[in-house]
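Have a look at the structure below, then the notes.
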Protein chains: 4
Amino acid sequence: MEKILELFSKDKFSKNCGIKVIEINHGYAKCSMEITENHLNGIGTLMGGAAFTLADFAFSLAANSYGIVAVSTNAYISFLKKCMGGIVTAVASEISRSHKLGVYRVVLTNNLGEQIAEFNGTCFFLDSHNTENTH
Amino acid sequence: MEKILELFSKDKFSKNCGIKVIEINHGYAKCSMEITENHLNGIGTLMGGAAFTLADFAFSLAANSYGIVAVSTNAYISFLKKCMGGIVTAVASEISRSHKLGVYRVVLTNNLGEQIAEFNGTCFFLDSHNTENTH
Amino acid sequence: MEKILELFSKDKFSKNCGIKVIEINHGYAKCSMEITENHLNGIGTLMGGAAFTLADFAFSLAANSYGIVAVSTNAYISFLKKCMGGIVTAVASEISRSHKLGVYRVVLTNNLGEQIAEFNGTCFFLDSHNTENTH
Amino acid sequence: MEKILELFSKDKFSKNCGIKVIEINHGYAKCSMEITENHLNGIGTLMGGAAFTLADFAFSLAANSYGIVAVSTNAYISFLKKCMGGIVTAVASEISRSHKLGVYRVVLTNNLGEQIAEFNGTCFFLDSHNTENTH
């Protein structure tokens with residue numbers, strides 16, 4: 001896990017968003033992000049891209065947790081509740097994982113434990129027979 | 001359009017991402033983002049959250065272009081091609097719009113005109129009978 | 001619930017698919033479908049459209065369970081495992097529900113209790129101020 | 001193309017839905033479905049599962065058009081307009097295709113040429129190094 005955490009600590013975009021890793025395990029990751037004025041859109045609520053970034057980062061951590069490189073192919077996000085401040089927590093868990101594909105669900109909650117977004121992400125696992133770019 | 005652009009210019013998250021508005025019209029928006037090292041993930045490619053943010057911003061502009069407040073409900077993104085630098089352009093266009101709901105497609109392309117991501121976003125339009133939060 | 005079940009019993013498409021309602025409650029529904037050769041695609045596995053139909057029907061039941069008409073706006077489905085026979089069960093549960101919008105997750109499992117698909121559906125609730133078509 | 005069309009002609013589920021292939025080409029397919037009372041839900045409109053089935057079938061045809069087996073991994077559909085009768089046409093076109101992954105967009109239109117649904121599907125291509133099931 002240390003190698004993975006080291007790799008993800010080089011992710012500048014998520015670092016600039018203030019995302020922190022709380023826990024990582026096989027197929028699982030928990031992260032948090034404190035909402036500052038830098039995360040807000042024009043009407044003063046959490047920008048969709050900021051919420052997505054937190055979810056996507058937790059998803060990637062969970063997907064890469066086995067030490068096999070996981071390339072994200074697509075993702076779906078539902079915005080459930082406005083958010084204007086406090087700490088948002090993302091919990092990524094594995095729905096399914098095969099030799100080639102992984103599917104993960106990420107639940108975002110606010111300070112009060114209310115779910116503010118639901119995220120589903122799919123990834124493709126690279127292997128020794130297939131180290132070239134899949135894209 | 002000026003009032004809308006003024007509102008969106010207050011979006012700190014997209015501003016910090018370096019997103020610029022190129023064009024806005026009814027149901028249409030074009031934006032760009034120059035990729036710097038601040039947009040990269042741990043393996044040196046454009047972070048999914050950064051790509052999503054650009055797409056989401058263009059979608060929101062197009063959805064709000066009629067002067068009626070549009071609240072994003074969900075979005076879907078496919079990552080098609082790695083991106084390591086240059087300028088990414090997002091073009092948001094309207095697939096469908098009714099009294100209540102709008103659906104928009106956003107195409108992200110790189111410097112070479114290659115599509116790097118496909119985004120679909122759905123929004124809900126607030127009206128005078130319905131000014132309370134939909135969430 | 002009886003009025004809702006009566007309405008859904010008129011759904012010819014799901015009836016022809018052999019879908020049965022097992023349980024319905026507020027924000028919840030459980031349905032099943034026995035796979036016959038009529039549900040298979042050219043390579044002898046459960047056709048994606050058949051799996052989607054089961055999930056969509058359970059989602060609609062759960063969304064309409066309060067007696068307020070719910071119109072489906074979009075849905076996302078991940079296909080996790082091939083399925084070639086037996087009974088598929090769909091459990092729809094509510095992720096979020098407001099005055100206007102509902103978000104539901106549906107889990108499809110096979111005979112062995114293995115998850116074969118994950119579905120997310122969003123709907124819009126019609127009300128007295130808004131009885132016209134939202135589309 | 002003949003081998004592919006023969007394979008897809010064995011798809012019983014789509015056949016029972018009355019889906020017809022109009023055209024197929026590399027990365028492209030056009031299909032149609034005449035709406036009968038068998039396609040309707042309890043409120044007399046085209047059932048979501050029937051619309052999805054048509055879109056999914058056109059997507060699969062386009063994805064398999066190169067003679068390489070394509071396994072669908074996930075799909076997203078937006079329902080844009082009610083449909084109560086007539087012929088629905090699905091046009092599937094390729095957004096992106098690599099050695100491993102394909103992404104396709106399907107547009108569903110009614111008799112009047114109005115778009116009634118937008119579909120996005122992702123597939124995984126099996127190859128000689130990878131003939132085992134990806135799921």
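FYI, it's all coordinate maths here, none of it is from the lab. None of the values given here were measured: they were computed from a predicted structure. Here the Cβ positions follow ideal geometry from the backbone for every residue, glycine too, while neighbour counts run over all protein chains shown.
Between copies, the label points of A:E6, set 7 Å from Cα on the Cα→Cβ line, lie 5.3, 5.6, 6.9 nm apart, reported in increasing order to one decimal in nanometres. Label-to-label distance, B:Y66 versus A:E34, with points set 7 angstrom from Cα along the beta-carbon direction: 4.2 nm. For peptide D:112-121, the mean count of partner chain Cβ atoms within 10 Å of a residue's Cβ comes to 3. For peptide D:34-43, the mean count of partner chain Cβ atoms within 10 Å of a residue's Cβ comes to 5.
Rg/Rh for the range D:1-99 stands at 0.97; both radii use Cα atoms, and Rh follows the Kirkwood definition. The amide H of D:V69, built 1.01 Å from its N in the peptide plane, has D:L126 as neighbours under 5 Å, considering only residues 5 or more places off or on other chains. Hey, what angle do you get for helix D:48-63 against the long axis of chain D, alpha-carbon based, 0 to 90 degrees rounded to 10? Orientation of helix D:48-63: about 30 degrees from the principal axis.
What is chain C's relative contact order, in percent, from Cα pairs under 8 angstrom and six or more apart in sequence?
Numbers: 281 pairs, mean separation 32.6, N = 135.
Relative contact order, chain C: 24 percent.
Counting Cβ atoms of other protein chains within 10 Å of each Cβ in D:21-32 and taking the mean gives 0. Along the range D:20-32 the Karplus relation, 6.51 cos²θ - 1.76 cosθ + 1.60 evaluated at θ = phi - 60°, assigns HN-Hα couplings of 10, 8, 9, 7, 9, 8, 4, x, 8, 8, 10, 9, 9 Hz to successive residues, with x for each Gly and Pro. Across identical copies of the chain, A:I22 has label-point separations of 3.3, 4.0, 5.2 nm, listed in ascending order, with the point defined 7 angstrom from Cα along Cα→Cβ.
Quick one: dipole size for the protein assembly as shown, taken about the Cα centre, charges +1 on Lys/Arg Cβ and -1 on Asp/Glu Cβ, in debye to the nearest 20. It would help to have the intermediate numbers written out before the result.
Values: 44 positive and 48 negative charges, 0 e Å.
About 0 debye.
From least to most packed, judged by other beta carbons within 10 angstrom and beginning with the fewest, B:F119, B:F125 follow the order B:F125, B:F119.
Take the Cβ atoms of A:E114 and B:E2, set R0 to 41 Å, and the FRET efficiency comes out at 0.70. Remark: the A:H99-A:I43 segment gains 15.8 nm on full extension, using 0.36 nm per residue and subtracting the alpha carbon distance. Once you reduce the range B:1-42 and the range B:63-112 to the center of their Cα atoms, the two points are 12 Å from each other.
Each copy carries a label point for B:S93 at 7 Å from Cα along the beta-carbon vector; from one copy to the others these points are 0.8, 4.2, 4.2 nm apart, nearest first. Evaluating kT/(6 pi eta Rh) at 25 °C and 0.890 mPa s, with the Kirkwood radius of the range A:41-112 over Cα pairs in the Stokes-Einstein relation, gives 184 µm² s⁻¹. Taking the number of Cβ atoms within 10 Å of each Cβ as an exposure proxy, the fewest-first ranking of C:L112, D:L126, B:L5 is C:L112, B:L5, D:L126.
With contributions of -39500 (n - 2.57) from each DSSP H run of at least four residues, the per-residue ellipticity at 222 nm computed over the protein assembly as shown stands at -6000 deg cm²/dmol. Note on the protein assembly as shown: Kirkwood radius taken over Cα pairs, Stokes-Einstein applied at 25 °C and 0.890 mPa s, translational D equal to 106 µm² s⁻¹.
For the pair B:E23 and D:K82, label points projected 7 Å from Cα toward Cβ lie 3.7 nm apart.
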